[in-house]
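The values are calculated or read from the model by the stated rules, or taken from the named source; none is laboratory data. Remember, it's a predicted structure, so these values are computed and weren't measured experimentally. For neighbour counting, all protein chains shown are included, and Cβ atoms are generated from backbone atoms with ideal geometry for every residue, glycine included. Note: areas computed on protein heavy atoms with side chains; ligands, DNA, RNA excluded. Shrake-Rupley method; radii C 1.70, N 1.55, O 1.52, S 1.80 Å.
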Amino acid sequence: STELYPMIDLGYYGALHGAPPAGEETSAWARDRIDFYWRMLEKRLTATGPWLMGKEYSALDPYAFMISSWYKPSAQALYGKYPAVAKLAAGLTARPKLKAVLDAHGVLA
């Protein structure tokens with residue numbers, strides 16, 4: 001998360017951080033980094049999943065799900081690129097207590 005947060009900010013809002021063309025170049029670089037980090041998580045989940053800590057569900061899992069919802073153009077686009085991340089998201093949304101919270105806030109609508 002300490003890497004994804006700033007990359008999301010720069011990747012999707014880079015124009016706020018520099019005048020053209022620097023803002024656009026920064027955004028493009030940051031979007032590449034965003035995908036680099038998602039590839040790392042995909043590799044980890046594929047090797048040791050279904051959760052980020054392997055067989056043990058942890059606070060990392062809903063956190064990764066939350067960050068996945070920020071992906072541009074959509075979380076579904078992210079899940080199409082990274083099937084193990086999609087499986088993580090599906091496993092999370094199937095958890096009754098988390099599903100109830102997500103439903104209450106319109107996240108799954």
Check your understanding: Ala77 fails exactly one of the following numbered conditions: (1) under 24 Å from Arg31 (Cβ atoms); (2) hydrophobic (A, V, I, L, M, F, W, C); (3) surrounded by 18 or more Cβ atoms within 10 Å (Cβ to Cβ). What is the number of that condition?
Key -> (3)
Revision key, fill the gap. Checked against (1) open to solvent by less than 40 Å² (accessible area, probe 1.4 Å); (2) at pLDDT 95 or above, Arg44 satisfies every condition except (1)
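Can you name the residue in the stretch 58-77 that is of a type in the set (Ser, Thr, Tyr) and assigned to a helix (DSSP H, G or I) and, of all such residues, is nearest to the chain's Cα centre (by Cα)? First the steps, then the outcome.
Residues of the stretch 58-77 of a type in the set (Ser, Thr, Tyr): 58, 63, 68-69, 71, 74.
Remaining after also requiring assigned to a helix (DSSP H, G or I): 63, 68.
Working: Tyr63: 9, Ser68: 2 Å.
My answer is Ser68.
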Study note, to complete from the structure: Quick count over the stretch 80-105, residues being among the charged types (D, E, K, R), over 20 Å from Thr46 (Cβ atoms) and either exposed (fewer than 12 other Cβ atoms within 10 Å of the Cβ) or in contact (Cβ under 8 Å) with a residue 40 or more places away in the chain (or both), is 1
